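Inspection log for the structure reproduced underneath, given as structure tokens.
The values are calculated or read from the model by the stated rules, or taken from the named source; none is laboratory data. From a predicted model like this one, the values you see are computed outputs, not experimental measurements. Here the Cβ positions follow ideal geometry from the backbone for every residue, glycine too, while neighbour counts run over all protein chains shown. Heads up: the accessible areas ignore ligands, DNA and RNA and are worked out on the full protein's heavy atoms, side chains in. Shrake-Rupley method; radii C 1.70, N 1.55, O 1.52, S 1.80 Å.
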Amino acid sequence: MVGLLITGHGHFATGLGTSLKLITGATENIVYVDFEADHTIDTLKANLMKGFDELKGCDGVLVLSDLAGGSPFKTAVECKFERMDQAIEVVAGSNLPMLIEGSMSMAAYDSPLDMAEALMEAGKDYIVRFELAEHQDDAQEDGI
């Protein structure tokens, strides 16, 4: 099983967590690390390291962060290289569909890299734009 560590600016992580709980219920092996305005990089790093410790029992950890190049992303990458004993992958640009998919399929993965690739595809698939299509009546429709 691959654990999930969600991080981002402000309340990105815990906000996704409350949405996930509303949609899917409580889940295990998911840790949320916010990077709030009054936090330093050292605070963020300590919180991320604590999160990685909480997920030590998993086969690996997939970090889902908000922005590539932002402090949560960069600090998670730094932690990855300091924790060579733990398989860790870091992905930026995360969204709620990725987290839902990950929470429901985490037991199916033993590699955070495989899970990252699957969730990146899921995240892209859920990016859609509403488009109003004109309805065409079909004379052969049975009305259902």
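Output the residue which, of all residues in region 36-46 that are more than 18 Å from Val91 (Cα to Cα) and not β-branched (Val, Ile, Thr), is surrounded by the most Cβ atoms within 10 Å (Cβ to Cβ). Filtering first and then ranking leaves His39.
Counting the residues of region 70-88 that are more than 17 Å from Ala13 (Cβ to Cβ) and either in contact with a Pro (Cβ under 8 Å, 6 or more places away or on another chain) or open to solvent by less than 40 Å² (accessible area, probe 1.4 Å) (or both) gives 3.
When residues in region 51-72 are screened for being outside any loop (DSSP other than H, G, I, E, B) and either free of Cβ contacts under 8 Å to residues at least 24 places away in the same chain or among the acidic types (Asp, Glu) (or both), 2 of them pass.
Scanning region 70-77 finds no residues that are modelled with pLDDT under 95 and hydroxyl-bearing (Ser, Thr, Tyr). The set of residues from region 20-35 being open to solvent by 40 Å² or more (accessible area, probe 1.4 Å), within 14 Å of the chain's Cα centre (by Cα) and modelled with pLDDT of 95 or more comprises Lys21, Asn29, Tyr32. Within region 45-75, being among the aliphatic types (A, V, I, L, M) and touching a Leu at 6+ places or on another chain (Cβ under 6 Å) holds for Val61, Leu62, Val63. Which is farther than 21 Å from Ile100 by Cβ and in contact with a helix residue (DSSP H, G or I) (Cβ under 8 Å, 6 or more places away or on another chain), of Leu4, Leu20, Leu16, Leu48? Exactly one residue qualifies, and that residue is Leu48. Among the candidates Ile41, Ile100, the residue that is more than 12 Å from the chain's Cα centre (by Cα) and of a type outside the set (S, T, N, Q) is uniquely Ile41. Looking only at region 130-144, decide whether some residue is under 28 Å from Leu44 (Cβ atoms) and outside any helix (DSSP H, G or I). The answer is no; no qualifying residue exists. Inspect all residues belonging to region 54-69 and state whether any of them is open to solvent by 50 Å² or more (accessible area, probe 1.4 Å), within 14 Å of the chain's Cα centre (by Cα) and farther than 17 Å from Glu101 by Cβ. Among the residues of region 54-69, at least one is open to solvent by 50 Å² or more (accessible area, probe 1.4 Å), within 14 Å of the chain's Cα centre (by Cα) and farther than 17 Å from Glu101 by Cβ, which makes the answer yes.
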